[in-house]
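To start, the structure under review is shown below, and the notes come after it.
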Amino acid sequence: MQILYQGAESIVYLGTFEDQESVVKERIKKGYRIRELDEELRKLRTRKEVKLLTEVRKLGIATPRIFHVDEKEHKIIMENVRGDRLKEYLNTLTLEKAAVICFQLGKQIGKLHSHDIVHGDLTTSNMILKGDNIYFIDPSLGEFTRRIEDKAVDMKLLKEAIKSTHFKIFDTAWENILKGYVEECRNAADVLKQLKEIEKRARYANREVPL
Ligand SMILES: Nc1ncnc2c1ncn2[C@@H]1O[C@H](COP(=O)(O)OP(=O)(O)OP(=O)(O)O)[C@@H](O)[C@H]1O
Ligand SMILES: [Mg+2]
């Protein structure tokens with residue numbers, strides 16, 4: 001078995017499905033949870049991931065095609081997106097090229113948010129560039145929501161991820177993400193205002209209290 005990734009909640013490996021190469025994401029058992037609860041959680045999270053991947057794809061945003069869902073074994077069998085994960089790839093690019101990709105990324109997130117979907121884990125580990133398309137994967141923490149706060153939190157997470165993983169290009173990356181986002185998201189102004197509020201709150205919470 002060729003393992004691509006082993007996380008706390010899941011294991012991702014290569015497989016075949018009807019003669020096609022595939023990627024299997026299997027949610028693993030957590031021994032510390034009561035068995036029934038564990039089964040239920042794995043089932044619900046698998047379902048949610050499938051639902052969101054499908055809805056995101058319907059908007060014309062690239063996601064891996066789903067070949068099969070095994071609810072008993074908590075497995076999603078999907079297309080292997082053979083591309084470059086943005087986490088590593090973005091740091092190998094010139095600023096100009098990174099800017100172009102970040103603009104596209106911002107537009108895609110803007111589109112998601114315009115359709116009231118938040119991804120829930122917008123880190124560059126969950127984005128794969130293949131050809132001209134940025135594929136979104138792993139939306140299992142996402143949801144359907146109209147709340148501005150939820151969209152702002154999604155953006156906050158992305159900003160933190162870019163800051164920590166792509167600090168050398170942060171300014172250009174973030175500027176272009178915002179440009180794309182504003183172009184595509186109907187509530188962009190409200191979301192970005194809320195993002196500022198969240199950051200203000202965070203600064204306030206981190207402030208040292210003088211004795
Ligand atoms: N369809 C796919 N095609 C190619 N690579 C994939 C695919 N799905 C996942 N991967 C690889 O496996 C890694 C982990 O996958 P994923 O992000 O879905 O799992 P995870 O982070 O453990 O999810 P969760 O947070 O739900 O536990 C990805 O960063 C990516 O490198
Ligand atoms: Mg992930």
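The values are calculated or read from the model by the stated rules, or taken from the named source; none is laboratory data. Computed from a predicted model, the values in this text were never measured in an experiment. So basically every Cβ, Gly included, is an ideal-geometry build from the backbone, and we count neighbours across all protein chains shown.
Within the range 172-189, is even one residue without any contact (Cβ under 8 Å) to a residue 40 or more places away in the chain, over 24 Å from residue 95 (Cα atoms) and assigned to a helix (DSSP H, G or I)? Yes, there is a match, as at least one residue in the range 172-189 is without any contact (Cβ under 8 Å) to a residue 40 or more places away in the chain, over 24 Å from residue 95 (Cα atoms) and assigned to a helix (DSSP H, G or I).
Out of 88, 21, 96, 26, one residue alone is at pLDDT 95 or above, of a type in the set (D, E, K, R), outside any helix (DSSP H, G or I) and closer than 20 Å to residue 129 by Cα. It is 21. Taken as a whole, the range 144-152 holds no residue that is touching a residue at least 12 places away in the same chain (Cβ under 8 Å), surrounded by 15 or more Cβ atoms within 10 Å (Cβ to Cβ) and either more than 29 Å from residue 202 (Cβ to Cβ) or within 16 Å of ligand 1 (Cβ to nearest atom) (or both). Just to be sure, is residue 48 under 22 Å from residue 156 (Cβ atoms), in contact with a His (Cβ under 9 Å, 6 or more places away or on another chain) and either within 15 Å of ligand 1 (Cβ to nearest atom) or at pLDDT 95 or above (or both)? It is false that residue 48 is under 22 Å from residue 156 (Cβ atoms), in contact with a His (Cβ under 9 Å, 6 or more places away or on another chain) and either within 15 Å of ligand 1 (Cβ to nearest atom) or at pLDDT 95 or above (or both). Go through the residues of the range 144-160 one by one and say whether even a single one is in the same structural domain as residue 105 (by TED's automatic domain parsing) and under 13 Å from residue 90 (Cβ atoms). Checked the range 144-160: at least one residue is in the same structural domain as residue 105 (by TED's automatic domain parsing) and under 13 Å from residue 90 (Cβ atoms).
Say whether the condition of being assigned to a helix (DSSP H, G or I), among the β-branched types (Val, Ile, Thr) and touching a residue at least 60 places away in the same chain (Cβ under 8 Å) is met by at least one residue in the range 106-124. Looking for residues that are assigned to a helix (DSSP H, G or I), among the β-branched types (Val, Ile, Thr) and touching a residue at least 60 places away in the same chain (Cβ under 8 Å), one finds at least one in the range 106-124, hence yes.
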